1. Out of (1) closer than 17 Å to Lys7 by Cα; (2) assigned to a loop (DSSP other than H, G, I, E, B); (3) under 13 Å from the mean Cα position of the chain (by Cα), the odd one out for Gly32 is which?
2. Scan segment 85-117 for residues that are assigned to a loop (DSSP other than H, G, I, E, B), in contact (Cβ under 8 Å) with a residue 24 or more places away in the chain and more than 11 Å from Gly10 (Cβ to Cβ) and report the count.
3. Kindly check whether there is at least one residue in segment 82-104 that is in contact with a Phe, Trp or Tyr (Cβ under 7 Å, 6 or more places away or on another chain) and over 23 Å from Ala26 (Cα atoms).
4. Please verify whether Val65 is of a type in the set (A, V, I, L, M), in contact (Cβ under 8 Å) with a residue 40 or more places away in the chain and in a loop (DSSP other than H, G, I, E, B), treating the condition exactly as stated.
5. Collect the residues in segment 20-41 that are over 21 Å from Cys81 (Cα atoms) and small (Gly, Ala, Ser), keeping them in residue-number order.
6. Out of segment 75-84, which residues are surrounded by 15 or more Cβ atoms within 10 Å (Cβ to Cβ) and assigned to a loop (DSSP other than H, G, I, E, B)?
7. Search segment 22-36 for residues that are closer than 15 Å to Ala12 by Cβ and free of Cβ contacts under 8 Å to residues at least 60 places away in the same chain and pair each with any residue that is of a type in the set (A, V, I, L, M) and part of a helix (DSSP H, G or I) when their beta-carbon atoms are under 6 Å apart and the residues are at least 6 apart or on different chains.
8. Tally time: how many residues in segment 12-29 are touching an Asp or Glu at 6+ places or on another chain (Cβ under 7 Å) and either part of a helix (DSSP H, G or I) or farther than 19 Å from Val114 by Cα (or both)?
Amino acid sequence: MTRGLSKRVGIATDHGGFALKEELMAQLRAVGHEVVDFGAYGLNPGDDYPDFVIPLAQAVVAGQVERGIAICGSGVGAAVCANKIPGIRAGLVHDHFSARQGVEDDHMNVICRVAGP
């Protein structure tokens with residue numbers, strides 16, 4: 001990805017995806033994207049992904065970020081949660097092909113990821 005294609009990207013997770021979120025934020029920033037962190041901001045086992053994914057989805061709809069990345073244990077819950085916000089098209093993505101097709105053909109604006117391996 002070139003710097004000319006940089007985007008303002010939001011990212012959200014609960015404690016289960018905290019490590020992946022931190023890694024993805026570093027990678028996105030390294031290629032020139034501006035990243036907005038919607039949390040979690042630490043490893044709190046009592047937090048829950050909807051508390052972070054819903055504000056992310058609302059920010060995408062409001063145009064505060066261009067795209068979103070939502071992470072949870074399976075990725076499915078984050079997708080269901082995000083898709084409850086009108087204007088969101090979220091999908092669970094495991095590979096580059098699905099991510100590209102989802103954005104280009106289906107106008108996906110939130111990519112959902114699995115927190116673990």
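1. Among (1) closer than 17 Å to Lys7 by Cα; (2) assigned to a loop (DSSP other than H, G, I, E, B); (3) under 13 Å from the mean Cα position of the chain (by Cα), Gly32 violates only (3).
2. Of the residues in segment 85-117, 6 are assigned to a loop (DSSP other than H, G, I, E, B), in contact (Cβ under 8 Å) with a residue 24 or more places away in the chain and more than 11 Å from Gly10 (Cβ to Cβ).
3. no
4. yes
5. Ala26, Ala30, Gly32
6. The answer is Gly75, and nothing else.
7. Final answer for the pair search is Val35/Met25; Val35/Leu28.
8. Counting residues in segment 12-29 that are touching an Asp or Glu at 6+ places or on another chain (Cβ under 7 Å) and either part of a helix (DSSP H, G or I) or farther than 19 Å from Val114 by Cα (or both) gives 2.
Since every read-out is calculated from the coordinates, none of them should be taken as a lab result. Since the model is a prediction, treat every value here as computed from it, not as a measurement. Cβ atoms come from the backbone with ideal geometry, glycine included; neighbour counts cover every protein chain shown.
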